[in-house]
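What follows is a single structure, written as structure tokens, with notes after it.
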Amino acid sequence: MIDTPQMSVLRLEQRSGALFATIDDPATRNAISDPLLADFDLLFSHYRADPAVRALVLQGNGRIFCAGADLSGKTLGASSDDPHAEMVELSIRGARVFGGLHAFPKPVIAVVEGAAMGGGMGLAACADIVLASPGASFALSEARLGLVAAQIAPFVVARLGPATTRRLALTGSRFDAAQAARLGFVDELLADRSAIDARLDVILTEIRACAPGALAATKALLNGLAGFDAAAFSQVAAEVFAEAVLGEGAEGIAAFKEKRPPAWATT
């Protein structure tokens with residue numbers, strides 16, 4: 001076991017051979033902020049090769065899984081002399097986190113209780129197994145804010161398929177845990193936290209019965225089947241994301257902060 005790195009908004013706990021990573025940032029509704037991006041980078045670098053960690057369990061602090069992009073803070077507030085380059089770099093950082101979670105060489109289990117919006121839904125999509133409680137809800141909400149579901153798109157498509165992803169991304173509609181299970185986004189819908197914990201115990205026992213090297217090789221093999229060029233896509237997605245943030249996104253974020261409909265929703 002290695003020393004636990006100092007985290008800002010991720011709470012880490014090791015038990016039952018798993019690393020439990022809890023997003024605990026109530027002030028932002030567990031949003032994807034600069035501190036969270038940095039915490040994920042630390043998590044990947046410290047635990048990717050740790051033999052004591054046989055699985056990663058990602059969850060929110062109970063009330064919410066992840067609200068998506070941090071619209072209330074400075075994460076999307078371009079502050080440099082080259083805001084386009086700044087937003088491209090931010091998007092690439094996001095791609096590194098989504099890709100790192102997807103490629104983590106140990107099974108990743110997402111436990112969704114409460115809302116998983118936008119990039120939060122993207123985090124869940126990057127997991128190998130998704131468990132949810134009845135109070136979970138989901139949305140690809142970016143377009144309603146003038147943004148684009150860019151870096152998460154490949155992972156959501158892999159879980160939902162192109163047609164369903166198009167419908168959800170082009171409407172921004174919110175759907176509940178039961179519908180997520182019917183669509184195949186959620187693997188198992190469980191009655192409450194006690195049921196989730198009981199199911200986690202079973203899954204983690206099954207994972208510990210598997211050879212860790214074989215699991216890592218299996219994930220790498222399965223992730224390579226689609227022939228997806230992650231580096232090329234992430235650059236294209238970053239450019240699209242930057243244009244959106246600095247274009248319609250500026251109005252969408254302002255409307256969110258001012259608690260009013262954006263201009264395009266009132267015409």
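The values are calculated or read from the model by the stated rules, or taken from the named source; none is laboratory data. Keep in mind it's a predicted model, so treat the numbers as computed, not measured. Counting neighbours? That spans all protein chains shown, and the Cβs are built from the backbone with ideal geometry, glycine included.
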Note to self: Based on this model, can you work out whether L36 counts as under 28 Å from A217 (Cβ atoms) and either outside any helix (DSSP H, G or I) or modelled with pLDDT of 95 or more (or both)?
What the structure shows: no
Checklist line | Conditions (1) within 22 Å of F65 (Cβ to Cβ); (2) crowded, with 16+ Cβ neighbours inside 10 Å; number of the one not met by L215 | finding: (1)
Next item on the list: Tell me, please, whether a residue that is under 21 Å from I129 (Cβ atoms), surrounded by fewer than 16 Cβ atoms within 10 Å (Cβ to Cβ), within 22 Å of the chain's Cα centre (by Cα) and at pLDDT below 95 can be found in the stretch 178-190.
Entry: no
Note to self: Here is a list: A198, A231, A214, A242. Which entry is outside any loop (DSSP other than H, G, I, E, B), under 22 Å from Q151 (Cβ atoms), without any contact (Cβ under 8 Å) to a residue 12 or more places away in the chain and not basic (K, R)?
What the structure shows: A231
Notebook entry, point to check: For the stretch 78-180, which fully contained helices (runs of 4 or more DSSP H) count at least 2 residues that are among the charged types (D, E, K, R)?
Noted result: 83-103, 162-169
Next item on the list: Could you please tell me which pairs satisfy a Cβ distance under 7 Å, a separation of 6+ or placement on different chains, a first residue in the stretch 34-49 that is in contact (Cβ under 8 Å) with a residue 24 or more places away in the chain, and a second residue that is among the aliphatic types (A, V, I, L, M) and assigned to a helix (DSSP H, G or I)?
Entry: L37/V97; F40/V97
Next item on the list: Go through (1) at negative phi; (2) surrounded by fewer than 20 Cβ atoms within 10 Å (Cβ to Cβ) one by one and return the number of the condition G172 breaks.
Entry: (1)
Item checked: Residues located in the stretch 245-263, provided they are in contact with an Asp or Glu (Cβ under 7 Å, 6 or more places away or on another chain) and touching a residue at least 24 places away in the same chain (Cβ under 8 Å) -> P262
Notebook entry, point to check: Taking the stretch 128-179 as the region of interest, how many residues are without any contact (Cβ under 8 Å) to a residue 60 or more places away in the chain and among the hydrophobic types (A, V, I, L, M, F, W, C)?
Noted result: 18
Notebook entry, point to check: Residues of the stretch 1-59 being surrounded by fewer than 16 Cβ atoms within 10 Å (Cβ to Cβ), of a type in the set (S, T, N, Q) and in contact with a strand residue (DSSP E or B) (Cβ under 7 Å, 6 or more places away or on another chain), which ones?
Noted result: T4
Notebook entry, point to check: Does at least one position in the stretch 83-100 carry a residue that is surrounded by fewer than 23 Cβ atoms within 10 Å (Cβ to Cβ) and over 29 Å from L170 (Cβ atoms)?
Noted result: no
Next item on the list: Report whether or not S133 is touching a strand residue (DSSP E or B) at 6+ places or on another chain (Cβ under 7 Å) and surrounded by fewer than 23 Cβ atoms within 10 Å (Cβ to Cβ).
Entry: no
